[in-house]
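Reading through the structure tokens given below for one structure.
What follows is calculated from the coordinates using simple rules that are stated; it is not laboratory data. In this text the structure is predicted, and so the values were computed from the model without any measurement. Counting neighbours? That spans all protein chains shown, and the Cβs are built from the backbone with ideal geometry, glycine included.
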Amino acid sequence: MKFADEFRDRDKAAALVREIEKLCDGIETTRHRPLNIMEVCGGHTHSIFRYGLEGMLPPAIELVHGPGCPVCVLPMGRVDDCVAIAEQPGVIFTTFGDAMRVPGSRKSLMQAKADGADVRMVYSPMDALALARKNPGREVVFFGLGFETTMPSTALTVLQAEADGIENFSVFCNHITIVPTIKAILDSPDLHLDGFLGPGHVSMVIGTAPYEFIASFYRRPMVVAGFEPLDVLQSIWMILKQISEGRAEIENQYTRIVPEAGNDPALAAVAKVYELREFFEWRGLGSIDHSGVRVRDEYARFDAERKFSVPNIKIADPKSCQCGEVLKGVLKPWQCKVFGTLCTPETPLGALMVSPEGACAAYYQYGGVKRQAHNEAATAVS
Ligand code: SF4
């Protein structure tokens, strides 16, 4: 298949669902409880709701929406740090659009901009570097956010700034790593997961080998999946096939994009510029060992955390906010007390309602709530 619409073929999707149902019927566990399959990546969450995939699947499969949306796991204190940097005189603070609307304890970056801070949306860190070239009298800070998918572009921009001798550019590094987070989820007593849809974009950079422990130690299957509807359905079928045959392996459905060994130049840039932090704070998941990176000493002059005084204070989420439970898959988005009332995409209380990859925003936008409510009503009357 070459074109996107071929991966959205209704008849092929229906045929895959029939095969999924057959496999489910032969798996003993489904007689007692549904199989819990976590999609780690926010891009998958978005596809699942956009194309109504959850509603096509048999009740024997429960999709659990994981923590793979980097905007969603950004703790409130880090947003406060961004605002503190952006409000310093002479700073141009640059960021991807989604991050501008994430609430901090005082204000979001969008509100800081309305109050006079020079906050600008960019499409890549190279745009921020271009701004630094154009504004030699100002300090341009790029908000480095995201998993291994976006880490290389920030690293390459730092290397470019060094090569060009640019001194008024720095990165506020909040890049995070997916593997320790999956381990933390597997160790969580709240959750029993039967398999994972592996992240497609992250795996394009890191390959599939870093996930081997999931199969060898935890005995759970993972299938690295693409983002089109047939990709997701085929990957679910592959997970079920493993379960039905008593296997736990790391498989790659997204072979048209993901090389098994990862992307060497991207990994080399990452290794050159960053080192692992001892721990990093995640919204809703707490502190996870080695789950974030910082800029190495060799590139300290491009590190905003060293150039500016950053408050670095931990701020608890508002009491009504249940992002943590949703991020761990313990609650469905619509089960949060403030979903759709105090928390909507226009007035987000939590970060999961901000990004289109956030489970709450996806549920809100594509009507998952109505379907869930309908299913529950149907169960209640049957
Ligand atoms: S509805 Fe809002 S507060 Fe509740 S979990 Fe979702 S984003 Fe967080």
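Tell me, what HN-Hα J-couplings in whole Hz come from the Karplus equation 6.51 cos²θ - 1.76 cosθ + 1.60 at θ = phi - 60° for each residue of segment 205-211, using x for Gly and Pro?
Values per residue, Gly and Pro as x: 8, 9, x, 10, 4, x, 8 Hz.
Just to confirm the filter: which trypsin sites (Lys or Arg not before Pro) across segment 1-90 are DSSP coil and have at most 11 other Cβ within 10 angstrom of their Cβ?
Lys2
If you average the alpha carbon positions of segment 1-66 and of segment 161-211, how far apart do those two centres end up, in angstrom?
That distance is 24 Å.
How big, on average over all directions, is the shadow cast by the Cα convex hull of the chain, in nm²?
With the hull built on Cα positions only, its mean projection is 19.5 nm².
At Asp115 and Asn135, where each label point lies 7 Å from the Cα along Cα→Cβ, what is the point-to-point distance in nanometres?
Those two pseudo-labels are separated by 1.8 nm.
Taking only Cα atoms and a 10 Å spring cutoff, compute GNM fluctuations for the chain and point out the largest among Ile27, Ile214, Ile176.
Ile27
Under 4.7 Å Cβ to Cβ, no partner at all: give me those cysteines from the chain, in residue order.
Cys24, Cys41, Cys82, Cys173, Cys321, Cys323, Cys336, Cys343, Cys360
Taking the chain as a Gaussian network, where each spring joins two C-alpha atoms under 10 Å apart, which residue of Ala351, Ala99, Ala261 fluctuates the most?
Ala261
Counting DSSP beta bridges with both partners in the chain, what percentage is antiparallel, nearest 5?
20 percent
Picking from Val64, Gly262, Ile85, whose Cα lies most toward the positive end of the charge dipole for the chain (charges on Cβ: Lys, Arg +1; Asp, Glu -1)?
Ile85
Measure nothing but the geometry: give the 0 to 90° angle between the long axis through the Cα atoms of 151-164 and the longest principal axis through the Cα atoms of the chain, rounded to 10°.
20 degrees
Along each principal axis of its Cα atoms, how long is segment 124-201 end to end? Whole angstroms, biggest number first, please.
So the extents along the principal axes, rounded to whole Å, are 54, 20, 15.
Among Thr208, Thr344, Thr154, which comes first, second and so on when ranked by fewest other beta-carbon atoms within 10 Å?
Listed from fewest to most nearby Cβ atoms, that is Thr344, Thr208, Thr154.
Convex hull over the Cα atoms of segment 139-251, averaged projected area in nm²?
8.9 nm²
Residue by residue, what Karplus-based ³J(HN,Hα) values in Hz, rounded to whole numbers, does segment 334-349 have, using 6.51, -1.76 and 1.60 with θ = phi - 60° and x for Gly and Pro?
Karplus-based 3J(HN,Hα) across segment 334-349 equals 5, 7, 5, 4, 10, 4, x, 10, 6, 10, 9, x, 6, 10, x, 8 Hz.
For segment 241-305, what is Rg from Cα atoms divided by 2.2 N^0.38 Å, rounded to two decimals?
1.63
Work out the charge dipole of the chain with +1 on the Cβ of Lys and Arg and -1 on the Cβ of Asp and Glu about the Cα centre, then indicate which of Pro189, Gly137, Val119 is farthest towards its positive end.
Ranked along the dipole, the leading option is Val119.
Quote the charge dipole size of the chain about the Cα centre in Debye, to the nearest 20; the model charges only the Cβ of Lys and Arg (+1) and of Asp and Glu (-1).
Dipole of the chain, to the nearest 20 debye: 720 debye.
Kindly provide the helix-only [θ] at 222 nm of the chain, computed as the sum of -39,500 (n - 2.57) over DSSP H runs of four or more divided by all residues, to the nearest 500 deg cm²/dmol?
After summing the helix terms and dividing by residue count, I get -11000 deg cm²/dmol.
Using DSSP to call loops (not H, G, I, E or B), can you name the trypsin sites (Lys or Arg not before Pro) in segment 219-292 whose Cβ has at most 15 other Cβ atoms within 10 angstrom?
Of the trypsin sites (Lys or Arg not before Pro), the ones in loops of segment 219-292 whose Cβ has at most 15 other Cβ atoms within 10 Å are Arg219, Arg247, Arg256.
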